[in-house]
Amino acid sequence: MFTGLIQALGTMEPLGGDSWQITCVSQSGEVIMQDLAYGDSVAVDGVCLTVEQVLKNGFIATASPETLRRTTLGGEQTQQRYVNLEASLRVGSKVGGHFVMGHVDGIGRLLVAEQTASSWEMTFIASEAIARYIVPKGSIAVNGISLTVAAYEPELSQFKAAVIPLTYTETNLRYLVSGSLVNLEGDILGKYVEKFLSPGNPHTTTHETSMGGITPAFLAEHGYL
């Protein structure tokens, strides 16, 4: 599990097959490397990868076929590229972003990035499978970065996020251009809510059944929506 607060910037270079070499390139890379060990989990652009070999300033990991299919890692890539890095959350650590699992739901695309007086406003488009979990002022992980949804247009499956200068300059968001693909992960809380509200959920309790089930209409009637 991760928090979506990027700790370092790195490069990712294919080694052939499904193996990749990730190298820390920012000065904060020591946060990732200080006690990195075989078998540890590291979020690479929001994708949870397992460390198979620790290098002097990085590590080697393998991406499964499922990971390659669902993320930007599976795109044509012959040169190294910049990626966001975050070590897994430790018990007792601060959760400054939101709970990020590192299990990417799918690929999105940057439409436009506009600089304002105090931040960057970035607009992304997402597939329906991901858009269903997007809510205004809710959380979403973009390339592993915990961002708050500033605005959402459901009819277009588009959302906008305001990115502070620190996040913009310390992550690979600054390298994105219109049309760039990004990894998107919806908030895990929304996924559980969806499951519990789904008709025919086999885990519905006797109490819930006696109430006719907890539905969006029920929640709205009682002031929860």
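Here are a few things to note about the model shown:
- The set of residues in region 168-190 that are farther than 18 Å from SER118 by Cβ and surrounded by 18 or more Cβ atoms within 10 Å (Cβ to Cβ) comprises ASN172, LEU176, VAL182, ASN183, LEU184, GLU185, GLY186, ASP187.
- Residue selected from region 114-133 under the condition at pLDDT below 90 and within 17 Å of SER157 (Cα to Cα), by the criterion surrounded by the fewest Cβ atoms within 10 Å (Cβ to Cβ): GLU128
- The single residue among THR78, THR171 that is at pLDDT below 90 and of a type outside the set (Gly, Ala, Ser) turns out to be THR78.
- Helices (runs of 4 or more DSSP H) completely within region 114-197 that count 2 or more residues being under 26 Å from GLY29 (Cβ atoms): 165-170
- Pairs with Cβ under 8 Å, 6+ apart, first in region 50-62 and within 13 Å of MET33 (Cα to Cα), second hydroxyl-bearing (Ser, Thr, Tyr) and open to solvent by 60 Å² or more (accessible area, probe 1.4 Å): VAL51/TYR38; GLN53/TYR38; VAL54/TYR38
- Inside region 136-150, residues that are touching a Lys or Arg at 6+ places or on another chain (Cβ under 9 Å) and open to solvent by less than 20 Å² (accessible area, probe 1.4 Å) make up a count of 1.
- Top-ranked residue of region 83-113 - restricted to ones that are of a type in the set (Lys, Arg) and outside any strand (DSSP E or B), ranked as most open to solvent (accessible area, probe 1.4 Å): LYS94
- Any hit, region 151-167, residues being under 17 Å from GLY10 (Cα atoms), among the polar types (S, T, N, Q) and surrounded by fewer than 22 Cβ atoms within 10 Å (Cβ to Cβ): yes
- Matching residues, region 32-85, being aromatic (Phe, Trp, Tyr) and within 18 Å of LEU184 (Cα to Cα): TYR82
- Tally, over region 6-20, of residues that are surrounded by fewer than 20 Cβ atoms within 10 Å (Cβ to Cβ) and either under 17 Å from the mean Cα position of the chain (by Cα) or more than 11 Å from VAL44 (Cα to Cα) (or both): 7
The values are calculated or read from the model by the stated rules, or taken from the named source; none is laboratory data. It should be emphasised that the depicted structure is a prediction, and the values quoted were computed from it without experimental measurement. Positions of Cβ are backbone-derived with ideal geometry, glycine not excepted, and every protein chain shown enters the neighbour counts. We work out accessible area using only protein heavy atoms, side chains counted, and drop any ligands, DNA or RNA first. Shrake-Rupley method; radii C 1.70, N 1.55, O 1.52, S 1.80 Å.
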